[in-house]
Structures are given as structure tokens and as C-alpha cells.
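Take a look at the structure set out below.
Please treat every number below as a calculation from the coordinates, not as lab data. Model, not experiment: these values are computed from the prediction. No Cβ is skipped: glycine too gets one built from the backbone with ideal geometry, and neighbour counts run over all protein chains shown.
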Amino acid sequence: MATVRTSIHGYWSSRFAFVLAAAGSAVGLGNIWKFPYMAGENGGGAFVLLYLICIALFGLPVMMSEVLLGRRGRSSPVNTMTTLAAEEKRSRVWRLLGLMGVLAGFLILSYYSVIAGWALAYVLETATGTFSGVSGEQAGEVFDNLISNPRRLLFWHSVFILLTMVVVIRGVNKGLETAVRILMPALFILIIIMIGYAMLHGDFLESLKFLFAPDFSKLSPEVVLKAMGQAFFSLSLGMGAIMMYGSYLPDDASIATTSFQVAIADTLIAILAGLAIFPIVLANGLEAGQGPGLIFNTLPLAFGQMTGGLIFGTLFFILLVFAAWTSAISLIEPAVAWLVEKFSISRFISSIICGLVAWTVGLGTVYSFNSWKKIDVFDGTILEGKSFFDLLDYLTSNIMLPLGGILICIFAAWLMSEKSRRDELKIKYEVAYKLWRFLARYLTPIGVVLIFLHVLGVLEKLNIT
Ligand code: PFF
């Protein structure tokens, strides 16, 4: 039996709409921009393997737990956690989990929007032929010119925040659902076209080797942490975005099936993006491990020299913008819904306020690539040399999201009553239910904590590894 709670924000029109929206949230810059450069920096196949393991062992149980809490609470993560904590007679402190999610959403969106702004700028650059016949150096210069110019970054960051707000203002059905119904199929078609193109013009076999042949000498505790962080980031877990989307899920939809579909779609797109990008990078002898600039530095060079490069290059960056757009709306939706609930203000006002906050925090990232490349205060500490953007990225992906993820699992699999869990999950097969409960109770929290301890060097000190 489901609860009688209702969402004041509306519902997805169908189970499929939820899958599209959650996949829209999951598939984003994380898949197309971040996954390739992280794989490139951290040894290709070994990183990919760890990432896949993290998706299966941590991603799926956390996603199911998040949707479960969301659908039961039927409101923003802050209020969902408040309601559920009261219902299960647990401490009110659990609402902090919702608040941490809102904070993480702002922090991530603030830099996410700046990077999406690069993609917007590149749609224009590519379409107007800037890259036709350029050398590697010239392509690099175009990128450096963009990121060293705060005004241009600010302009595109503002455009992207506006695009995000336009959708969020229109609400669950007219905004979020309509956007994903158009953008997600377009994205899928574009990525398939891109792979076809990469197969014809790039070094496909080499890229298969790069992505799937693990070189374990590249592994370190840091790499394990990054693969885990990437799994949480890529599936949009640990900050309430999926919880929020779960609160709009119709009562009769299966949480296990839909979560599985979303996780598969996201993983597939990350791998496909790798297969669209690495053949081109490798065939052109470009540097796979160069970090966040990877697709912006390397792909234009390739597109600039290949037949049809102008069209495919433009399409590629449009694809990137679409993917980022459907994720950005989910980053801000929990905060927008919470303000609506808390202050009884309109969605319009709430969206504007949230947009402004994210925009303002984003200034830190805008300047990270030019005037504040490194923060002097950190000199002499382990954070030396990190920019504001590096810190935000590290803090959110590698710490806040996994931490949110384990707390979500602990609440869903330990603190909720067995009856509430079963009522909401409605899993037909007992083994499947028990498997979820085992993973969410033991494997995910313990696994994540061990990885944290490993990075902190605690395990080494205790002589455990
Ligand atoms: N999953 C998105 C991506 O891969 O780009 C990023 C993201 C969206 C992270 C929403 C977290 C989130 F709540």
C-alpha cells in the first residue's frame, strides 16, 4: 500500500516519462565531457572497470533507495526527509540530508553551467567555421582565448542559467517533461551519428583497447575514489535530484525496473560517448590525459580536418548542450521545489531566486580559469595548486555525493520500517528485494567508507592494506 501523500508540484505523466527525465538528469556533461577525460587521465580501461563496478554495487542500490524515499515523501528532499523521519520516529536531524543536497545542487550547477557555457560557445565557433583546417596549436588557442576571457565565460554561463530557468519555471509537466521528451531522443540520435562518424574517420579498434583493456598499474586509492565519485556524479545520486524526480513518480511504477533502466541508459551513453570521442583523439595523436579541456581542445582539431566536420562538430556541441540542459534542471529542481513549499511563493519567483544564487556562485568558476587559477591561501597544503573549480568538483563528486548516498541507504535500508520499505518498493521477487536490502544495508555504506578511509591513508596506517 502506498501512502496517501500527494505532490503539490505535479506528477510525471507516465512511468516512461520518469525514466526519460531521470535518464535526462543522469546523462549529461558527466558522460560526454567528464567521463572521457577522467578515463584519459586515470589509465583508461582500469578506471572504466572500476567505474562500472561502482555503478553496479553502489549506483543501483542508492538510486533505488533515493527513488523510494522520494516517492514516499512526495515533496522536496528537505521536506521528504522531515516527513519520513517523523513517520519513522527518527531524529529531525535527517532533514540536514535534504539541505546538504540543496547545497550540493547549487555548488554543482554553479560550475556545471560554466562548462555548459563552453559548449554553447563552441556551437557558435564550430558552426561559423572557426576550426576549418586549424592546427592543433590554433585549436588550443581558441580554447585558451575562451577560458581566459571572463566576460565571454560570464556571458555563456548567464545564457545557460537562463535556459535552465526557462524550463524549471514551467514546472514538472510543461517544463521538465516536455524538455526531456524532445531533447533525450535528439541526444540519442546525435550520439549514434557521432559514433558512426568516429568509426569511419577515427581509430575505433585502438579506442576499444584504450577503454576496455585495463592497466592495473595505473590504480591508486585516489583513482578508486575518483571512479566512485564519477559513478555518483554520472547517475545524479546523493544530492536529492533523483529523490525529487521520484516524488513525481506515479504510485504503480516499479522502482526497481525504472532505476535499472536509468542506470543502464546512463552507463551506455557514457561508454558510447567514449567510443565517439577516443577514436578521433587517438587517430589524431592527441593527448588523452589532458584534463577538463580534452574534448574542447582535441575534437575541434579533428572536426576541422575531416570531411563533414563542420556539420558533425556543430552537432556534437549541440548534443553536449542538450545533455547538460536536462541535467541542469534536475540540479536546481530540489531547491526550487523546497522554496515553493517553504515560503508558499510561486515557482516563477523561486526559480529566479535559485537561478540567481547558482549564477553568483558560478562567478567563482568563471574566474577559476583566468584571474584565480590557483588559490594562494592553500599553498603548502594538500590543496596547493587547486582552483576554485577543482575544489568544487572534488568536494561535490568525491565527498558530498557519496556521503549523501550512504546516508540515503542507511535511512532507507536500516531506519525505515520493513513494512514501509516493502510497501513502497513493491518488489515481486523476494530475492531481488533481499539483494537490494543487502547492498543498501551493508555493501554500499561499508564500501564507500572503506574507499574514504583508503584515500585518507587510515587503512594503510592500520596495516590493513
Ligand atoms: N549526472 C549529471 C551528469 O552526468 O552530467 C550531473 C548531475 C546532475 C549530478 C544532477 C548530480 C545531479 F544531482
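Data overview
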{"read-out": "For segment 52-101, alpha-carbon Rg over 2.2 N^0.38 Å", "value": "1.24"}
{"read-out": "The chain: Cα Rg divided by the 2.2 N^0.38 Å rule of thumb", "value": "0.94"}
{"read-out": "Entries in LYS34/LYS89; LYS89/LYS386; LYS89/LYS461; LYS89/LYS342; LYS34/LYS419 that, when Cα-Cα distance is taken, lie over 31 Å", "value": "LYS34/LYS89; LYS89/LYS386; LYS89/LYS461; LYS34/LYS419"}
{"read-out": "Between segment 270-312 and segment 168-210, the Cα center-to-center distance that results, in Å", "value": "16 Å"}
{"read-out": "Likely footprinting exposure, THR83, THR396, fewest C-beta neighbours within 10 Å first", "value": "THR83, THR396"}
{"read-out": "Rounded to 10°, Cα long-axis angle of helix 77-87 versus longest principal axis of the chain", "value": "20 degrees"}
{"read-out": "For the chain, size of Cβ-based charge dipole, Lys and Arg +1, Asp and Glu -1, in debye", "value": "1660 debye"}
{"read-out": "Ascending count of other beta-carbon atoms within 10 Å, so fewest first, for LYS226, LYS461, LYS386", "value": "LYS461, LYS386, LYS226"}
{"read-out": "Residues ILE295, ILE195, sorted so that the one with the fewest Cβ neighbours within 10 Å comes first", "value": "ILE195, ILE295"}
{"read-out": "Centre separation in Å (Cα based) which lies between segment 374-414 and segment 65-130", "value": "15 Å"}
{"read-out": "Helical contribution to [θ] at 222 nm, DSSP H n ≥ 4, -39,500 (n - 2.57), averaged over the chain, rounded to 500", "value": "-22500 deg cm²/dmol"}
{"read-out": "If the convex hull is drawn through the Cα atoms of segment 332-465, its volume per residue in Å³", "value": "179 Å³"}
{"read-out": "18 Å tail of the calculated P(r), segment 127-218, as % of Cα pairs", "value": "73 percent"}
